[in-house]
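Reviewing the structure listed below.
All of the numbers you see were taken from the coordinates with simple rules; none came from a lab. Worth saying up front: this structure is predicted, and the values here are computed from it rather than measured.
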Amino acid sequence: MCVTNDISYMDYRSLNDLAILRKIGEFIKHHRINQRRSQDQLAKDAGISRSTLSLLERGEKVNLITMIQVLRVLDQLQVLETFEVKQEISPLEYIKLHKKHPQRIRNSDMAAEEPPTTW
């Protein structure tokens, strides 16, 4: 169990699929209302029917592409950043990349010559 001080924290692992769909629908509806758009306006702009948008807002099953279209119109695609796979580097690879280069390189021509007699 994860404990946090953030009251808005929700453990989505404990929700069933239908409850998660309802949360997505609430998110869509919240942003639509905040942008003062009607269902008809948003549906038209997203290229879907109003009844499909209504299904989405109620947490019913819709196509994933429908959700993406609606998020795009609502300018909320940033929620998909969670799905971005970031390339990670292993600690050993990191060390190899940042291996210290020699601080002083000796000039091989100078090494062959005799050292100066006076310093």
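The length gained on full extension between Ala19 and Val79, counted as 0.36 nm times the residue separation minus their Cα-Cα distance, comes to 19.8 nm.
What the Cα convex hull of segment 12-80 gives, in volume per residue, is 78 Å³.
Over segment 12-80, Cα pairs under 8 Å with separation of 6+ residues give a relative contact order of 36 percent.
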